[in-house]
Amino acid sequence: MSDSRKEFVKGLITTNPVFVLLLGLCPALAVSTSIDNALGMTLATFIVLLGANIIIAAIRGFVPSITRIPIFIVIIATLVTVVNLLFNAFLPDLHRTLGIYLPLVVVNCMILGRAEAFASKNPMIRSIADALGMTVGFMIALVMISFVRQLLGTGEMSVFGFSIFTLPVLSEHPLAMFILPPGGFLVLGLLLALLRWRGVLKI
Amino acid sequence: MQVRDALKKAFPVILLTVVVAICVSLLTAVGGITLPRIEAMERERILGMLSDMFPDMTRYSLEEEIYTIYKDEDAIGYAFIAVGRGYGGDVNILVGLEDEATVKGITIISHTETPGLGSKIAEDLFTDQFASADIDDVALTRDGGRIDAVTGATVSARAVADAVRSTAREKIDLIRGD
């Protein structure tokens, strides 16, 4: 059991998917404009990553290496489409917020990366622990990035419609650049630099 | 022996085909279950928008993609969906008409514009400008109309104004043709 625990904990900081592996940057940068979006994306990624790791760990014994990538992709794409349809039917508000980024979970290299690097070589329980750890790590990274971007880009901090606080000057003159794509890259780069400087990340 | 070798060689292809077949059936099943729900919710959402736009509405009829809004037995307006080409993709707009020359109001059904900039086209500050506008005046101020653009999102704002105006003209021709 401590084995699975190790696989879970590693995803949080030491091999954080966004901050250390630098995987899944497309959705991480695209949706990190608000904390709501970050949490919604985490939920979608969680379902797909957990499903992909479980299925791939289960079939890893007989998947021939030459067709493994297309098989993984088909499985991941199917899971993403299922999640997309279910969100559309049962969580329409979240579906509208995530918009185009929900189908784009399929190109999240973090999911294929974990399938290829971990679930195809490890037993079920450890693959589940890996998926959970990576999801939490993904969430930590997305929430950190979107906190900074939402704060500077809108001057207001609100989660799921509840306003937490409003900054005096920034809310009048928000720095819209932080909501736009360049802001995503800047915030990610500065966060990475900060975390390495403070010794949180050892690469 | 040869058969077995051939099968062994073909195994990856057969497996991939099986996986794809399973995935396709799963998707068909999920799609079949969710589609009616998605459509019903979309209809309900548009109905909600219509009754916000026409508070007096008691019923509506839908013909050739034009909603005719009734208060009891009198037609009090029309509504239809216009599609604008925004900065990030299509913008779907529900447009209400008071009569054959005046806009009642608009509501953005869905869009994929830049959050924080283009997304402001969905806010009341922008959409309220369309209320009671003459159709010929529906254009950005810099294009000679009466709609103020959104700062930093001229493309999105123009997409909405132009789609509302041109679609309204088309639909009015259809309504008059009836």
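Among the helices (runs of 4 or more DSSP H) lying completely within segment A:79-159, list those that include at least 3 residues that are within 14 Å of chain B (Cβ to nearest Cβ) and either farther than 23 Å from B:ILE22 by Cα or open to solvent by 60 Å² or more (accessible area, probe 1.4 Å) (or both). Full working, then the answer.
Working: elements: A:92-98, A:109-114, A:124-154.
It comes to A:92-98, A:124-154.
Only residues in segment A:64-83 that are free of Cβ contacts under 8 Å to residues at least 60 places away in the same chain count as the first member; pair them with residues that are among the small types (Gly, Ala, Ser) and not in a helix (DSSP H, G or I), Cβ under 8 angstrom, at least 6 apart or cross-chain, and list the lot.
From residues that are free of Cβ contacts under 8 Å to residues at least 60 places away in the same chain, the pairs are A:ARG68/A:SER120; A:PHE72/A:SER120.
Kindly check whether there is at least one residue in segment A:184-196 that is within 24 Å of A:PHE8 (Cβ to Cβ) and within 14 Å of another protein chain (Cβ to nearest Cβ).
no
Taking into account only those residues within segment B:1-35 that are among the β-branched types (Val, Ile, Thr), open to solvent by 50 Å² or more (accessible area, probe 1.4 Å) and over 14 Å from A:PHE62 (Cα atoms), which is farthest from the other protein chains (Cβ to nearest Cβ)?
Kept after step one, since they are among the β-branched types (Val, Ile, Thr), are these residues of segment B:1-35: B:3, B:13-14, B:17-20, B:22, B:24, B:28, B:30, B:33-34.
Keeping just the survivors that are open to solvent by 50 Å² or more (accessible area, probe 1.4 Å) gives B:3, B:13-14, B:17-18, B:20, B:22, B:24, B:28, B:33.
Checking the rest, the ones that are also over 14 Å from A:PHE62 (Cα atoms) come to B:3, B:17, B:20, B:22, B:24, B:28, B:33.
Numbers: B:VAL3: 19, B:THR17: 10, B:VAL20: 6, B:ILE22: 8, B:VAL24: 8, B:THR28: 11, B:ILE33: 8 Å.
Applying the filter and picking the extreme gives B:VAL3.
Which residues, counting only those in segment A:51-63, are open to solvent by less than 40 Å² (accessible area, probe 1.4 Å) and in contact (Cβ under 8 Å) with a residue 40 or more places away in the chain? Steps first, please.
Residues of segment A:51-63 open to solvent by less than 40 Å² (accessible area, probe 1.4 Å): A:51-53, A:56-57, A:59, A:63.
Result: A:ALA52, A:ASN53, A:ILE56, A:ALA57, A:VAL63.
Restricting attention to segment B:49-72, does a residue exist that is touching a residue at least 40 places away in the same chain (Cβ under 8 Å), open to solvent by 30 Å² or more (accessible area, probe 1.4 Å), more than 13 Å from chain A (Cβ to nearest Cβ) and more than 17 Å from the chain's Cα centre (by Cα)?
So far as segment B:49-72 goes, no, none of its residues is touching a residue at least 40 places away in the same chain (Cβ under 8 Å), open to solvent by 30 Å² or more (accessible area, probe 1.4 Å), more than 13 Å from chain A (Cβ to nearest Cβ) and more than 17 Å from the chain's Cα centre (by Cα).
Is segment B:106-114 home to any residue that is open to solvent by 40 Å² or more (accessible area, probe 1.4 Å), within 14 Å of chain A (Cβ to nearest Cβ) and outside any strand (DSSP E or B)?
yes
The values are calculated or read from the model by the stated rules, or taken from the named source; none is laboratory data. The shown structure was predicted, so the numbers you read here are calculated from the model rather than taken from an experiment. All Cβ positions, even for glycine, are placed from backbone atoms using ideal geometry, and neighbour counts span all protein chains on display. Heavy atoms of the whole protein, side chains included, go into the accessibility calculation; ligands, DNA and RNA do not. Shrake-Rupley method; radii C 1.70, N 1.55, O 1.52, S 1.80 Å.
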